[in-house]
There are 2 protein chains.
Amino acid sequence: MNQPTEPKADKSGVRRHNLSLVLRTVHDAGETTRAAVAARVGLTRPAVSSLVEQLLELGFLVESGKTFSGQAGRPGTVLKPADTGPAGLGVEINVDYVTVCVVDLTGTDRVRRTERLDNRAAGAPDVLARAARIAADVLDTAAARRLAPAAAGLALPGLVSGGAVRQAPNLGWYEVDAERLFGEALTALRPGTAGLPLTSDNEANMAALAELWFGTLGDLRTFLHLTGEIGVGGAIVVHGELLRGAHGFAGEIGHLVVDAGGPRCRCGSRGCLEQYAGQAALLGAARAADVTDLADLAGAGEPRALAALAEAGRMLGRALSGAVNLLDPEAVVLGGIYPHLMPWLVPALAEELSDRVVSGLWTPDAGRLRPASATTDASRGAAALVLHDVLADPLAYATGTGA
Amino acid sequence: MNQPTEPKADKSGVRRHNLSLVLRTVHDAGETTRAAVAARVGLTRPAVSSLVEQLLELGFLVESGKTFSGQAGRPGTVLKPADTGPAGLGVEINVDYVTVCVVDLTGTDRVRRTERLDNRAAGAPDVLARAARIAADVLDTAAARRLAPAAAGLALPGLVSGGAVRQAPNLGWYEVDAERLFGEALTALRPGTAGLPLTSDNEANMAALAELWFGTLGDLRTFLHLTGEIGVGGAIVVHGELLRGAHGFAGEIGHLVVDAGGPRCRCGSRGCLEQYAGQAALLGAARAADVTDLADLAGAGEPRALAALAEAGRMLGRALSGAVNLLDPEAVVLGGIYPHLMPWLVPALAEELSDRVVSGLWTPDAGRLRPASATTDASRGAAALVLHDVLADPLAYATGTGA
């Protein structure tokens, strides 16, 4: 992955750390004052003022005309994270679509575009070049709103490590150097993005982060997150942290075996969950054109659609009962295509969980099955993940993003 | 659980922390000197000498007559963790046996006793009273070797939280207040153990800790640990830490479904792994009297034994492929009855993993399936777990264990 630019302004580790501390404090508060920041982080007012000045200059913070009385007494000018300047670029490449978004430092999704494409039909370099073209267009729109990317995150539907897709069976990708290909294609289109720091991860992990940071989970910090797409992605969050495993490949719930002698899966195994509950399998079994069509058919009581959804729910329940017995999460969050289909998936799914989870905590009325929030997806998670890095070391991401 | 006794000698948090720091430094070194400890922990020689004096008085450390030249120059008297005095009592209650051991501060297993008992035939209070009787006898032997328990750990075959067994289907236990019942029974037999701090956990977790601390895993820190007993226990270790889940119930790999319509399991589900690969299922299918008999039959090529082991291996592989796809461990450690049976279990098991693990990292020759060490088990893990607590705050465990 591209490394963030070395800072030029200040090499002091302590000041660098304190810049992050002040920026994160303002970010977490939403709106605050220098005095309140000083009280919160335990630095002197002059020290905080100096740090704030630098963050204002670099475009990470803005002042509003308002004043209010902070915790520490005297009224002060309100500080906020900038909603212009440094932003996160999030790119999700999935089997049948690409979504690109730009998220500003306040966490708001500011520009977003989705293109439906069959990414199985083109080679990996072409798909990544298409994604770069969409990203370039989105960045133009963002620039008109005075937002410039500080870093970019790529969400990819497969096993991802070291900036590359090791395998994405549903795309037919093996050992694809995704960050490099995307970065080169974007730089060719928009030379100003040369050197943009890139981070990549599995799309299910990115979607789970979006849910964790922007969703409606409240205090819930240990959960499984499923994303129903062509494949079925999974992510495991334990005490607020992604569980990535020894090689970064954890969470592959779509390849839990639900029927050992079942249909051959693109991963090489048989009877994997996604052969029953993935979008292609589900639409095929229901003879539906797309997810909206499937929901319409099910809503109208069409028997084949209802049977396909019940079967998918049963298989989801069978796989999830195993995952719940292994991981003991507080909840399971269903994302991607599943939130729209929950009325028909959940009865069989909940029954399997109730029958098979040893702890007895997964009764149908326990409220442990939750739809993902409508405003969270993998592209937003990808953008937020890189903004998380920006907040952790703003100086490293300051070049080219100044006011 | 019983809380450790409040310290009487010194209430200073800093000194208390430093006592632990010095004790852990000597423990990790095995043998060292005051000067080397001072250099290592960054305290002055006089400060370290004062802390060492207290640890010697309380019986946590001993001096040997030897002197040697430490890292910090001058020869000094050798310090070691005491192999008398404060020790960990480990108690494993399983379905068909109870094992009790005493582990000294050096980590050595000093006294050990196993009794074969059918713990399904008696009620929970009787089983815990029997375990207390065995523990009392073991403590007598330990006392003759000048070892006194500083704390006790209970390893139990089921879902454990808050000192109680929530469920142990193979024992027929539900909501059994195990720590209290065991503690009361032990105190009745040996009044000197009144107030002994108690900790309890699932036996598979305790066995995994024993493997982590005393096994032959080397740098391996992310693994699944299976223990084949009447049930099939599982534990998940990620980067050297047990993954316990939201309620402490993680790791129930024995109840992963390997055949959805298979035989009814005591947990209420059907087709759970332990219906194929648990000891009772395996011996029944092979018509073997015990594990030694089963290995003998298999070694002699008896077809029924070979078929039962191949089927158990296949089902282990099916469940483990799901667990590996979810958790991406570096290795799977097979404990309990499995190490003796690996020659006949592994071929089918490895083939399933090779066919079904998406990452492709689980080829049969990758060496990722390992037998548990012969010297690690849940009772030793239980003793080591409580010693870990002792090392973290020796003053809290000092009462009654002084030299």
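Here are the numbers for the structure shown:
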| quantity | calculated |
| --- | --- |
| Test for A:Ala280: is it away from chain B (no Cβ under 14 Å), under 26 Å from B:Val257 (Cα atoms), more than 21 Å from the chain's Cα centre (by Cα) and in contact (Cβ under 8 Å) with a residue 40 or more places away in the chain | yes |
| Condition check for B:Arg287: more than 21 Å from A:Gly261 (Cβ to Cβ), more than 11 Å from chain A (Cβ to nearest Cβ) and among the basic types (Lys, Arg) | yes |
| Set A:Ala168, A:Ala132: member being touching a helix residue (DSSP H, G or I) at 6+ places or on another chain (Cβ under 6 Å) and open to solvent by less than 50 Å² (accessible area, probe 1.4 Å) | A:Ala132 |
| Subset of region B:188-233 [farther than 22 Å from B:Leu139 by Cβ and free of Cβ contacts under 8 Å to residues at least 24 places away in the same chain] | B:Gly218, B:Asp219 |
| Qualifying residue in region B:174-182 (condition: surrounded by fewer than 17 Cβ atoms within 10 Å (Cβ to Cβ) and within 14 Å of chain A (Cβ to nearest Cβ)) | yes |
| Selected residue (criterion: most open to solvent (accessible area, probe 1.4 Å)) from residues of region A:183-220 that are modelled with pLDDT of 95 or more, among the charged types (D, E, K, R) and more than 30 Å from A:Leu283 (Cβ to Cβ) | A:Glu184 |
| Members of region B:327-340 that are more than 14 Å from chain A (Cβ to nearest Cβ) and not in a helix (DSSP H, G or I) | B:Leu334, B:Gly335, B:Gly336, B:Ile337 |
| Hey, B:Pro347 under 20 Å from the mean Cα position of the chain (by Cα) and free of Cβ contacts under 8 Å to residues at least 60 places away in the same chain or not | no |
| Residue selected from region A:94-116 under the condition without any contact (Cβ under 8 Å) to a residue 60 or more places away in the chain and within 23 Å of A:Val165 (Cβ to Cβ), by the criterion least open to solvent (accessible area, probe 1.4 Å) | A:Val98 |
| Residue that is farthest from the other protein chains (Cβ to nearest Cβ) [pool: residues in region B:246-272 that are touching a Gly at 6+ places or on another chain (Cβ under 9 Å), small (Gly, Ala, Ser) and open to solvent by less than 10 Å² (accessible area, probe 1.4 Å)] | B:Gly262 |
| Scope region A:306-340; condition within 21 Å of the chain's Cα centre (by Cα) and either open to solvent by 40 Å² or more (accessible area, probe 1.4 Å) or without any contact (Cβ under 8 Å) to a residue 60 or more places away in the chain (or both); matching residues | A:Glu330, A:Pro339, A:His340 |
| Those strands (runs of 3 or more DSSP E) lying entirely in region B:74-129 with at least 1 residues under 19 Å from B:Glu203 (Cα atoms) | B:85-93, B:97-104, B:109-116 |
| Filter pass, A:His239 being within 11 Å of another protein chain (Cβ to nearest Cβ) and in contact with a strand residue (DSSP E or B) (Cβ under 9 Å, 6 or more places away or on another chain) | no |
| Cross-chain or 6+ apart pairs with Cβ under 9 Å, region A:51-64 first and within 14 Å of A:Ala150 (Cα to Cα) and open to solvent by 20 Å² or more (accessible area, probe 1.4 Å), then part of a strand (DSSP E or B) and not polar (S, T, N, Q) | A:Leu58/A:Gly85; A:Leu58/A:Pro86 |
| Selected residue (only one of B:Arg180, B:Arg130, B:Arg145 is modelled with pLDDT of 95 or more, under 22 Å from B:Pro86 (Cβ atoms) and out of contact with any Cys (no Cβ under 9 Å at 6 or more places or on another chain)) | B:Arg145 |
| Matching entry among A:Arg112, A:Arg146, A:Arg166 (being of a type in the set (Lys, Arg) and under 26 Å from A:Phe249 (Cα atoms)) | A:Arg166 |
| Answer residue from region A:369-380, given it is open to solvent by 50 Å² or more (accessible area, probe 1.4 Å) and assigned to a loop (DSSP other than H, G, I, E, B) and is farthest from A:Val102 (Cα to Cα) among those | A:Ala374 |
| Condition check for A:Leu224: within 17 Å of A:Ala323 (Cα to Cα), within 14 Å of chain B (Cβ to nearest Cβ) and within 19 Å of the chain's Cα centre (by Cα) | yes |
| Residues that are within 14 Å of another protein chain (Cβ to nearest Cβ) and either open to solvent by 40 Å² or more (accessible area, probe 1.4 Å) or among the polar types (S, T, N, Q) (or both), drawn from region B:341-366 | B:Glu351, B:Ser354, B:Asp355, B:Ser359, B:Gly360, B:Leu361, B:Thr363, B:Ala366 |
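The values are calculated or read from the model by the stated rules, or taken from the named source; none is laboratory data. All of these numbers come straight from a predicted model, not from anything done at the bench. In this analysis, Cβ positions are derived from the backbone assuming ideal geometry, glycine residues included, and neighbour counts consider all displayed protein chains. We work out accessible area using only protein heavy atoms, side chains counted, and drop any ligands, DNA or RNA first. Shrake-Rupley method; radii C 1.70, N 1.55, O 1.52, S 1.80 Å.
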